[in-house]
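Here the structure is laid out as structure tokens; the discussion comes afterwards.
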Amino acid sequence: MNRDWNPSLYQSSHSFVWEYGRDLLGLLAPLAGERILDVGCGTGQLTAEIARAGAEVLGIDHSVSMITQARRNFPDQRFEVQDVCAMPFRTEFDAVFSNAALHWVERADDAAAAMARALKPGGRLVVEFGGRGNTRALLEALRLALKARHGAEPQRVNPWFFPSVGEYASLLERHGLEVTFATLFDRPTALEGGGEGLANWFAMFGASLTEELRQPEFVRLVEQAAAPSLLRDGVWWADYRRLRVAARKEG
Ligand SMILES: C[S@@+](CC[C@H](N)C(=O)[O-])C[C@H]1O[C@@H](n2cnc3c(N)ncnc32)[C@H](O)[C@@H]1O
């Protein structure tokens, strides 16, 4: 999905993305001297964390603004503007890592093929992103607000790729990746910004949902619909469900 990213808003109000991603580094277990590819690296915080283990890391992201910010944040790290689906790498990496990026990629099959190609035989893939049922209540609130405003069922509310364990494991297997670990788990996430948390979330991630989210009065409608399930003691919670997968390239 091609869209603009706002690195300043990402870093100031959405640090929970890479804070939670740190947990995934335990599964990656990077070793000194390994070559590791960080797919959809954003502003580079996890790329730098992997490098701290002594690995040689390359962060790629298709957003020029995110890569510009990543280079500013970590001038000693390597970052490149690349679309995961079109990566040119062949059997170069000991591990491919990705946090919170792959649900943005509509061409999931091409992404898996490119990540598999990039790995050395025996190399490992460690990824986490939105899984089946991710942000269900949040998207339902959006659906209700659109329906209330237009008096008709909206056509398509969810533009993301949120696969189940079975779907994603099968997809990886088709590309010669043997799945060694897979789990789908609820991870309710407190949004930063107090009463403005949900509005911030839509401003950061919702541009691809509907233009109407740019209108504050429409965001208020969504908030009304979402409040019973997602607002607790003045804090907005996103009903995240993550799919976490580890796999190994056969051969
Ligand atoms: C929510 S951010 C996560 C960034 C980082 N991994 C982290 O944990 O902070 C998602 C990133 O995926 C990137 N992305 C989305 N589609 C992509 C694609 N097709 N190829 C490469 N990067 C992509 C976006 O540009 C964005 O920087």
From the options T47, T43, residue that is open to solvent by less than 20 Å² (accessible area, probe 1.4 Å), within 10 Å of the ligand (Cβ to nearest atom), touching a residue at least 24 places away in the same chain (Cβ under 8 Å) and part of a helix (DSSP H, G or I)
T47
Complete set of residues in the stretch 19-40 that are over 22 Å from A182 (Cβ atoms), at pLDDT below 90 and buried (at least 17 other Cβ atoms within 10 Å of the Cβ):
none
Number of positions in the stretch 10-65 that are hydrophobic (A, V, I, L, M, F, W, C) and within 13 Å of the chain's Cα centre (by Cα):
7
Would you please name the residue that is farthest from the ligand (Cβ to nearest atom), looking only at residues in the stretch 26-39 that are in contact (Cβ under 8 Å) with a residue 60 or more places away in the chain and part of a helix (DSSP H, G or I)?
L27
Does N99 count as open to solvent by 10 Å² or more (accessible area, probe 1.4 Å) and under 15 Å from the mean Cα position of the chain (by Cα)?
yes
Residues being over 27 Å from R242 (Cα atoms) and either in a strand (DSSP E or B) or within 10 Å of the ligand (Cβ to nearest atom) (or both): count how many of those fall in the stretch 68-94.
1
For the stretch 95-180, please list each of the helices (runs of 4 or more DSSP H) lying entirely inside it that holds at least 1 residues being away from the ligand (no atom under 16 Å from the Cβ) and without any contact (Cβ under 8 Å) to a residue 40 or more places away in the chain.
136-150, 165-174
All but one of (1) more than 9 Å from the ligand (Cβ to nearest atom); (2) surrounded by 17 or more Cβ atoms within 10 Å (Cβ to Cβ); (3) part of a strand (DSSP E or B) hold for G59, so report the exception by its number.
(1)
Count of the stretch 81-91 residues which are surrounded by 16 or more Cβ atoms within 10 Å (Cβ to Cβ) and either of a type in the set (F, W, Y) or touching a strand residue (DSSP E or B) at 6+ places or on another chain (Cβ under 7 Å) (or both)
4
Given the conditions (1) under 18 Å from the mean Cα position of the chain (by Cα); (2) closer than 25 Å to Y240 by Cα; (3) open to solvent by 30 Å² or more (accessible area, probe 1.4 Å), every one holds for F129 apart from (3)
Scan of the stretch 194-215 for residues that are assigned to a helix (DSSP H, G or I), open to solvent by 50 Å² or more (accessible area, probe 1.4 Å) and under 14 Å from R149 (Cα atoms), ordered by number:
E211
Looking at the stretch 85-123, which of its residues are under 20 Å from N158 (Cβ atoms), hydrophobic (A, V, I, L, M, F, W, C) and touching a Gly at 6+ places or on another chain (Cβ under 9 Å)?
A100, A101, L102, W104, V105
Complete set of residues in the stretch 181-193 that are assigned to a loop (DSSP other than H, G, I, E, B), more than 16 Å from the ligand (Cβ to nearest atom) and at negative phi:
P188
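The values are calculated or read from the model by the stated rules, or taken from the named source; none is laboratory data. Because the structure is predicted, anything quoted here is derived from the model rather than measured. Positions of Cβ are backbone-derived with ideal geometry, glycine not excepted, and every protein chain shown enters the neighbour counts. Ligands, DNA and RNA are stripped out before the accessible areas are found, and what is left, the full protein with its side chains, is counted by its heavy atoms. Shrake-Rupley method; radii C 1.70, N 1.55, O 1.52, S 1.80 Å.
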